[in-house]
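Heads up: the structure comes next, in structure tokens.
The values are calculated or read from the model by the stated rules, or taken from the named source; none is laboratory data. Computed from a predicted model, the values in this text were never measured in an experiment. Here the Cβ positions follow ideal geometry from the backbone for every residue, glycine too, while neighbour counts run over all protein chains shown. Note: accessible area is taken over every heavy atom of the protein model, side chains too, but ligands, DNA and RNA are not part of it. Shrake-Rupley method; radii C 1.70, N 1.55, O 1.52, S 1.80 Å.
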Amino acid sequence: MKILIVDDSKFNIEQAKKAFEENKINCEIEACTSGSNALKIVDSEEIDIIMLDIIMPNMTGLEVLAHLRSNPKYRDIIIIMFTSLTDKEYLRKSFELGANEFINKPIEAIEFTARLKAAIKLKSNQLALKDAFRMLEAKNNSLKSTTLKLKEMQFQLIQKEKLSAIGELAAGVAHEINNPLGYISSNHETLGKFLKSLKTILVEYRDLIDNIAKSSHNEELTNDINKIKENESLLNIDFILEDIDDLMNDSRDGIQKVSKIVKSLRNFARTDNEDEYNYYNVNDIIDETLLVIKNEWKYSITIEKIYGDSPDIYCNRGQIEQVILNLIINSIQAIKEYNKDQKGNITIKTTCDDNYTYTSIEDNGPGIKKDLLNKIFNPFFTTKDVGKGTGLGLSISHDIIVNKHKGELDVKTEVGKGTIFTIKLPLTKINDAIEEN
Ligand SMILES: Nc1ncnc2c1ncn2[C@@H]1O[C@H](COP(=O)(O)OP(=O)(O)OP(=O)(O)O)[C@@H](O)[C@H]1O
Ligand SMILES: [Mg+2]
């Protein structure tokens with residue numbers, strides 16, 4: 001405990017020090033003879049109790065007291081006014097200004113000991129209370145962060161479960177479709193060849209009939225030929241012969257599209273394997289992701305792809321897919337919310353240099369306000385309605401890119417113009433980085 005005695009009379013200071021000694025009050029004692037010096041000491045040292053003379057030249061004890069009490073930093077210092085019996089009016093003022101106690105001059109042993117011990121006790125209790133409060137605060141903070149971590153873990157678990165359930169479902173559906181799709185595709189090819197042959201032979205038959213009709217004078221034969229021609233016209237054979245190639249081509253495109261979707265579903269189905277790192281191409285991952293969520297954007301958003309020759313990167317495909325999905329869905333949701341009546345635009349661009357690939361996803365949505373920008377990567381931060389957003393998309397994406405793949409996830413945004421997120425993933429040495437991890 002540190003006590004500062006402030007009195008312009010050195011005699012009074014000596015008296016006070018003597019009283020401390022005689023009454024065995026064990027404290028560290030410091031003294032000064034002016035108010036301004038007292039303020040300097042309080043500023044540079046940790047003082048617990050001040051014994052403050054009221055009447056002093058230049059700066060009175062009351063002025064020192066008022067100055068200290070006006071600063072919250074010194075709110076907890078116990079201040080005991082040092083007063084002679086004639087200072088009664090000043091004493092009243094002292095209490096108004098926030099003094100805690102007073103001791104009369106000349107010092108009287110019993111009063112001095114009693115009041116000082118009470119002040120020391122008050123200060124000790126105050127310190128103990130502060131410690132307890134600090135401890136409580138620390139415990140509260142750690143409890144808060146544990147709760148947050150638990151919530152996040154719980155979400156991740158649910159998300160993982162959900163993803164793996166969707167994965168299983170997707171894999172099942174993909175498998176079931178894949179079989180019939182196999183024979184539809186091969187039958188379609190054979191059918192194409194058969195139709196070509198039939199078309200060739202049919203043209204030859206028609207030529208033959210035309211020749212016979214021209215050269216034959218047999219009435220019965222001519223009637224039969226006319227009947228066949230009528231039927232041809234009824235059955236729209238000319239139109240069929242013209243349209244058959246288009247039909248076959250359209251069907252082939254359709255079959256190819258379904259095959260692509262099945263392939264994407266199968267790739268999505270194996271997203272939950274955390275340890276599965278391999279070489280994958282970012283452009284392929286984007287194409288597949290866009291296909292899986294096509295329904296979300298095809299009517300209201302134009303997606304422009306500007307692909308560079310991105311080499312393969314060593315990554316966990318499922319996780320990178322999840323990041324790209326989160327970013328594109330965020331852009332789609334932002335655009336839909338903002339440009340309700342206009343068509344939105346998303347530009348997805350991939351480039352690379354010697355060490356990194358860069359994938360940027362740019363939208364012409366509302367942009368992100370400056371005061372929200374430093375919160376968007378926080379878990380559970382969302383501006384979306386309850387049930388629409390959990391606020392975890394970006395925090396999970398950040399974790400995947402920065403911690404799991406040693407890359408970077410940056411955002412640039414302008415309110416009213418749009419947002420661009422850029423994923424930077426290392427090309428080389430990532431193996432070491434991941435293995436070290
Ligand atoms: N492209 C964007 N344009 C405008 N705001 C965005 C964009 N991307 C993210 N944000 C803002 O960042 C917030 C956090 O995004 P995040 O993906 O983490 O959560 P969410 O989309 O709200 O919910 P979740 O992804 O869990 O469904 C969003 O609520 C939104 O306010
Ligand atoms: Mg999101």
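Sparse packing (at most 11 other Cβ atoms within 10 Å of the Cβ) combined with a DSSP loop state is found for the following trypsin sites (Lys or Arg not before Pro) in the stretch 1-92: Lys24, Arg75. Dipole size of the stretch 147-271 about its Cα centre, with +1 on Lys/Arg Cβ and -1 on Asp/Glu Cβ: approximately 1420 debye, rounded to the nearest 20.
Excluding same-chain neighbours fewer than eight residues apart, the lysines reachable from Lys227 by a Cα-Cα span under 20 Å are Lys214.
When you filter the GluC sites (Glu not before Pro) in the stretch 40-101 for DSSP loop state and at most 14 other Cβ atoms inside 10 Å of their Cβ, you are left with Glu45, Glu46.
Which far-off residues, 5 or more places away or on another chain, put their amide H under 5 Å from the one on Phe102, with H placed in the peptide plane? Amide H to amide H, under 5 Å and 5 or more residues apart or across chains, Phe102 pairs with Met81. When every Cα-Cα distance of the stretch 1-132 is counted in 10 angstrom steps from zero, the calculated P(r) takes the values 12, 49, 34, 4, 0 percent.
The charge dipole of the chain, taken about its Cα centre with unit charges on the Cβ of Lys, Arg, Asp and Glu (plus for the first two, minus for the last two), comes to roughly 1960 debye.
Remark: the stretch 229-242, residue by residue, has Karplus-estimated 3J(HN,Hα) of 5, 4, 4, 4, 5, 4, 7, 6, 4, 4, 4, 4, 5, 6 Hz, where x stands for each Gly or Pro and the curve is 6.51 cos²θ - 1.76 cosθ + 1.60 at θ = phi - 60°. Across all directions, the average projected area of the convex hull around the alpha carbons of the stretch 273-437 is 9.6 nm². Can you list the aspartates and glutamates whose alpha carbon is less than 14 Å from that of Lys412, not counting same-chain residues fewer than 8 positions off? The qualifying aspartates and glutamates are Glu362, Asp363, Asp371. Largest GNM mean-square fluctuation across Ser36, Ser186, Ser397, computed for the chain with C-alpha springs under 10 Å, falls on Ser36.
Each residue of the stretch 28-44 was assigned a 3J(HN,Hα) from its phi angle through the Karplus expression (A = 6.51, B = -1.76, C = 1.60, θ = phi - 60°), giving 7, 10, 10, 9, 8, 10, 9, x, 5, 4, 4, 5, 4, 4, 4, 5, 9 Hz with x at Gly and Pro. Straight-distance candidates among the aspartates and glutamates for linking to Lys369, with alpha-carbon spacing under 16 Å and chain neighbours fewer than 8 residues away dropped: Glu337, Asp410, Glu414. When the inverse distances between all different Cα atoms of the stretch 210-362 are averaged and flipped, the Kirkwood radius reads 20.0 angstrom. With Cα atoms as the point set, the radius of gyration and Dmax of the stretch 341-386 evaluate to 14.7, 44 Å. Taken one residue at a time, the phi angles of the stretch 189-202 give Karplus couplings (6.51, -1.76, 1.60, θ = phi - 60°) of 5, 5, 4, x, 5, 4, 4, 4, 4, 4, 4, 4, 5, 5 Hz. Gly and Pro are set to x.
Protein heavy-atom surface of the stretch 273-437, 1.4 angstrom probe: 45% of the accessible area is carbon and sulfur, with nucleic acids and ligands not counted.
Anything over 32 Å Cα to Cα? Flag those among Lys24/Lys88; Lys40/Lys130; Lys370/Lys406; Lys260/Lys336; Lys149/Lys343; Lys121/Lys149, in the order listed. Where the Cα-Cα span goes over 32 Å, the pairs concerned are Lys149/Lys343; Lys121/Lys149. Taking all protein chains in place and a 1.4 Å probe, what share, in percent, of the accessible surface of the stretch 2-107 do carbon and sulfur account for? Carbon and sulfur atoms account for 50 percent of the accessible area of the stretch 2-107.
Looking at the chain, the DSSP beta bridges with both ends there are about 50 percent antiparallel.
In this structure, the amide hydrogen of Thr357, modeled 1.01 Å from its nitrogen in the peptide plane, lies closer than 5 angstrom to those of Leu425, Leu427, counting only residues at least 5 positions away or on a different chain. Within the stretch 276-319, the proportion of C-alpha pairs whose separation exceeds 12 Å stands at 65%. Based only on Cα atoms, what Rg/Rh ratio does the stretch 147-271 have, Rh being taken as Kirkwood's radius? Rg/Rh: 1.41. Measuring nothing but alpha carbons in the stretch 1-65 and taking Rh as the Kirkwood radius, the Rg to Rh ratio lands at 0.96. Given the options Phe380, Phe194, Phe421, which has the most mean-square fluctuation in a GNM of the chain, springs set between C-alpha atoms less than 10 angstrom apart? Greatest mean-square fluctuation among the candidates belongs to Phe194. Where the accessible area of the stretch 147-271 is counted over protein heavy atoms with a 1.4 Å probe, how much of it, in %, is carbon and sulfur? About 59 percent, which is the carbon plus sulfur part of the accessible surface.
Divided by 2.2 N^0.38 Å, where N counts the residues, the Cα radius of gyration of the chain comes to 1.95. Counting only Cα atoms, the stretch 61-132 measures 41, 29, 14 Å along its principal axes, largest extent leading.
Projecting the Cα atoms of Gln342, Leu325, Ser9 onto the charge dipole of the chain (Cβ charges, centred on the Cα centre) puts Ser9 farthest toward the positive pole.
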